[in-house]
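Coordinate-derived values only; no laboratory data. The shown structure was predicted, so the numbers you read here are calculated from the model rather than taken from an experiment. With ideal geometry, Cβ positions are generated from the backbone for all residues, glycine too; neighbour counts draw on all protein chains shown.
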Amino acid sequence: MKLRKASAAAAAVVVLSLTATACGGDSADSGNGGGDKITIGIKFDQPGLGLKKPDGTFAGFDVDVATYVAKELGYDAKNIVWKEAPSAERENLISNGDVKFVAASYTINDERKKKVDFAGPYFLAHQDLLVRTDDSSITKAADLNSKKLCSVTGSTSAQNVKNDFAPKADLQNVGGYSECLTGLENKAVDALTTDDSILAGYASQQEHQGKFKLAGLKLSDEPYGIGLKKGDTDLQKKINAALTKMESDGSWEKAVTANFGPANYKNEPAPKINEGS
Amino acid sequence: MSATSVLYDAPGARAKRRNILYTIVFLVVFALAAWWVLVQMADKNQLASEKWSPFVTDSEVWTTYLLPGLGETLKAAALSIVIALPFGALLGIGRLSDHSWVRVPVGAVVEFFRSIPVLLMMVFAAQAYAQFTNVSSDMRPLYAVVTGLVLYNASVIAEIVRAGILTLPNGQTDAAKAIGMRKGQTMAYVLLPQAVTAMLPALVSQLVVIVKDTALGGAILGLSELLSQNRTITANYGANTIATLVVIALIYIVLNFILTTFASWLEQRLRRGKKSTGAVLPDVNAGTYVGDGSGI
Amino acid sequence: MFEFLDSGQYDLLGAFWVTVQLTLYSAVGSLLWGTLLAGMRVSPVPLMRAFGTAYVNLVRNTPLTVVLVACSLGLGQTLQITLGGGDFESIGFRLAVLGLIAYTSTFVCEALRSGINTVPVGQAEAARALGLSFFQVLRLIVLPQAFRSVVAPLANVLIALTKNTTVAAAIGVAEASALMKTMIENESSALFAVFAVFAFGFVVLTLPTGLLLGWVSKRVAVKR
């Protein structure tokens with residue numbers, strides 16, 4: 001009976017693939033637990049802040065800051081294990097000890113301070129709008145009431161607009177910012193809203209240069225901090241010291257220019273570090 | 001098409017002319033629609049070569065995003081079917097039990113999980129794992145997706161197993177009884193081995209359903225499977241969302257087409273085979289039989 | 001345990017109403033388009049047969065999630081087809097219906113085609129002997145019998161469609177599963193209660209459909 005052989009082979013393949021995946025899981029775990037490595041949570045899909053590039057490396061302002069801080073903590077760049085920290089998962093990653101710290105456009109606020117501690121802030125962003133270069137019809141938040149607005153499902157920026165700035169705006173929630181950009185490029189939507197740092201990252205991408213601009217409305221303050229385990233004041237002090245040094249030796253300015261420069265983005269000066277003081 | 005050609009006569013001169021006319025009209029309508037779409041796309045700059053060329057010129061798109069994504073899709077699908085199979089077999093046999101205290105609760109479980117959307121189970125499982133277990137966050141989407149798929153597909157497989165056993169001729173059970181086998185023995189040595197071969201095509205096409213459902217995990221739960229690569233690719237190559245989606249859809253289509261073809265090949269082979277009873281549970285997706293429509 | 005139902009914060013019935021509407025519009029649409037596809041697949045015109053076959057095989061092998069995202073992204077964001085919808089909410093809903101029709105009709109088509117195969121050859125031959133054309137054979141003789149023999153499979157397609165409307169959450173349609181995700185995140189202490197409520201809702205939607213159409217399929221079955 002040939003078929004029995006075939007099903008046996010199929011079963012063998014399945015079992016093999018199972019063991020293979022099991023092994024994969026193991027090695028990943030041991031990688032995290034290694035003594036000389038440091039695991040840092042960043043965003044993987046935000047150009048300018050944290051982006052997984054085609055060659056498998058990572059780039060962005062958050063990545064530069066995290067690398068600098070890790071270096072100050074005594075870890076070489078090659079010993080950093082980057083881990084994706086989606087917005088909804090950041091607190092969990094920190095409290096489970098999956099990562100040493102998180103640098104992922106992580107706004108410091110009181111709600112989050114109940115669960116984690118912050119170092120920094122290391123950057124001051126604002127909620128803003130990205131519009132087409134030739135569109136000058138949006139000059140204040142109330143202009144949005146007659147506009148088609150795009151944001152990402154579950155983001156606080158979308159809620160802010162709906163609740164505070166422009167309750168009548170026609171708001172579309174999609175899965176990712178790229179989908180908004182497609183709509184913006186094709187004039188299906190008029191504006192994309194989120195932190196200006198993220199918007200600047202998209203606008204300064206090579207493919208987008210000259211197509212989009214920031215409206216510059218500064219709808220809210222978003223001080224980015226480095227999230228770490230609650231109560232770890234030692235680490236908090238070390239990271240704050242690293243951030244202070246980064247600003248004083250000019251690396252901060254260099255990282256800002258490198259990541260946001262092409263967008264003609266007027267960033268705020270380095271904020272005063274006030275967490276844990 | 002020989003089976004359906006009874007619906008119309010062999011075309012004569014007039015019918016041939018008419019068919020040619022229909023063909024031309026159809027072609028014109030189709031071409032106009034396609035032309036309109038292409039013009040609009042070109043107008044919106046979606047056909048620009050820099051949006052499409054990465055998939056041909058840059059092998060890193062494949063090695064960094066698409067292939068690992070495909071791997072994750074296959075891993076979730078394989079895990080789901082492997083775990084769902086034994087559960088499904090148990091539930092299916094349980095539904096055929098002679099004892100009503102087994103049959104009724106098992107039937108209720110099967111019907112319950114068959115009647116609620118698999119997405120609901122995935123969302124529920126994701127939150128349950130977050131609250132009650134310490135599964136690390138990067139494994140959680142995979143766990144949740146596999147859990148949802150297992151719960152749903154175990155109950156679908158239970159029905160496949162049940163139908164597979166019921167298609168076997170009664171003579172098989174009678175003969176087993178005649179030589180003094182007990183119920184358990186009849187099931188284990190006579191019915192199940194034959195039912196398993198009869199079910200294989202239906203199981204393979206269920207795999208197509210599972211592969212398609214993993215995409216839900218990417219869209220809603222953040223599993224880094226094939227569809228979710230859309231997000232990272234478009235973040236890198238200038239929001240080429242349309243191009244990326246087309247490439248991803250093509251990968252799914254090729255993968256599922258291979259599985260469907262394999263299922264119908266298997267079915268035909270089993271039908272021809274002389275050694276089994278010839279009972280074959282038809283492959284739901286191949287459309288060769290009045291499908292029960294659940295394979296969606 | 002179920003106090004979140006009284007808070008007035010969540011429009012549970014509204015969300016399920018969206019689910020029902022999605023199901024109904026898509027069901028009617030896919031029945032029509034699916035019948036048309038089945039007609040194409042058995043038609044005497046080779047090009048239409050080829051189109052029907054290609055369409056069914058392409059769409060059926062694409063995940064519904066991809067079909068819906070393609071509708072939202074390709075038709076909505078790029079081609080700006082609004083289908084008459086005014087704001088994003090109604091456009092998203094209409095595009096979701098379109099996507100569900102495109103996907104579900106392939107299964108309707110396949111069920112119908114197998115139903116056509118169950119009609120005895122003699123019926124079609126007798127009809128042709130009377131001089132009926134292809135459309136007349138299909139409309140008067142074959143399809144009525146085919147429909148009666150595929151009520152049960154079509155009922156299963158309808159149930160699957162009801163469940164598949166949850167995928168519309170992927171393009172931001174505010175139907176039941178989208179609400180469930182929000183509620184589960186906000187009311188994490190009532191996780192099981194929330195799940196039970198939504199599961200119950202879907203059982204209520206799908207179970208009567210199955211029972212009713214199962215009864216209908218027995219009533220209308222062609223006795224041979």
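Here are the numbers:
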| read-out | value |
| --- | --- |
| For the stretch B:193-204, 3J(HN,Hα) per residue [Karplus equation, 6.51 cos²θ - 1.76 cosθ + 1.60, θ = phi - 60°, Hz, x = Gly/Pro] | x, 6, 5, 4, 5, 5, 8, 3, x, 5, 5, 4 |
| Built amide H within the under 5 Å cut-off of A:Ala104, gap 5+ | A:Gly227 |
| Residue list for the stretch A:164-207, given a label point 7 angstrom along the Cα-to-Cβ vector of B:Glu60 and an amide N cut-off under 15 Å | A:206-207 |
| Residue-span extension gain [A:Lys53 to A:Glu253] - 0.36 nm each, minus C-alpha spacing | 69.7 nm |
| Integer Hz, Karplus 6.51/-1.76/1.60 couplings in order for the stretch B:152-163, x for Gly and Pro | 5, 6, 4, 6, 5, 5, 4, 5, 5, 4, 4, 5 |
| Global geometry of the stretch A:126-220, whether rounded, prolate or oblate, following the gyration tensor of its Cα atoms and the 1.5 cut on a/c | rounded |
| Placed amide H near A:Val174: partners under 5 Å, 5+ positions off or other chain | A:Ser151, A:Val152, A:Thr153 |
| Rotationally averaged projected area of the protein assembly as shown (alpha carbon convex hull; nm²) | 37.9 nm² |
| Computed FRET value (nearest 0.05) for B:Leu21 with C:Lys218, which takes r as the C-beta separation and R₀ as 45 Å | 0.55 |
| Calculated FRET efficiency for the pair A:Glu268/A:Asp36, C-beta based, R₀ 41 Å, to 0.05 | 0.70 |
| Per-residue average of Cβ from other chains inside 10 Å of B:159-169 | 0 |
| Expected 222 nm ellipticity per residue - DSSP helices of 4 or more, -39500 (n - 2.57), all of chain B, to 500 | -23000 deg cm²/dmol |
| Rounded to whole Hz, the Karplus (6.51, -1.76, 1.60) HN-Hα couplings of the stretch B:130-138, x for glycine and proline | 5, 7, 10, 10, 10, 4, 5, 5, 7 |
| A:Ser220 long-range amide H proximity, modeled H, under 5 Å | A:Gln127 |
